[in-house]
Amino acid sequence: MKTKALQSLLALTISLISAASVACGQTYDFSTATAQLQDNRNLYGNRVIAIIEQGDRGEIFRFQAGAIGANTKTGIASCTKWFSGAIVFICAVRGYLWLDDCIGQYLPLFDTYGKGDITIRQ
């Protein structure tokens, strides 16, 4: 069940990032993200919230199910690892960076401590 939940979150993340990355002034289609959230809310104890805000436009998407709100505090475990990985991968697919680039190219502080030659792929 944990694997299914992580797969669902990754698919949702990609759907939301893809929908939100369209240029400002566009009409957004969050139907795929809404369906993903709706279909999998039982994996999360029927407590799901997703909010996307965009610059000056403010909130452009909200999905909420169950007893959870924007100010509800809840543990999110280690989701930053897969979330960061998904964002980096999307950036690589779009050509903003290459997985074999050295991390020091983007984070010069790593060069200071002799870790700048580590690649993004690693």
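For the pair Tyr106 and Ala67, a Förster radius of 35 Å applied to the C-beta separation gives a FRET efficiency near 0.30, rounded to the nearest 0.05. Between amide H atoms placed 1.01 Å from N, distances below 5 Å from Phe61 occur with Ile52, all of them 5 or more places distant or on a separate chain.
Taking 16 Å as the cut-off, the amide N atoms of the range 43-76 that come nearer than this to a point 7 Å along the Cα-to-beta-carbon line of Tyr96 belong to 53-55. In this rough spin-label picture, where each label sits 7 Å from Cα along the Cβ direction, the Ile60-Phe83 distance is 1.8 nm. Listed from fewest to most Cβ neighbours within 10 Å, the set Val48, Val88, Val93 follows the order Val93, Val88, Val48.
Coordinate-derived values only; no laboratory data. Bear in mind the structure is a predicted one, so any value in this text is a computation, not a measurement. For neighbour counting, all protein chains shown are included, and Cβ atoms are generated from backbone atoms with ideal geometry for every residue, glycine included.
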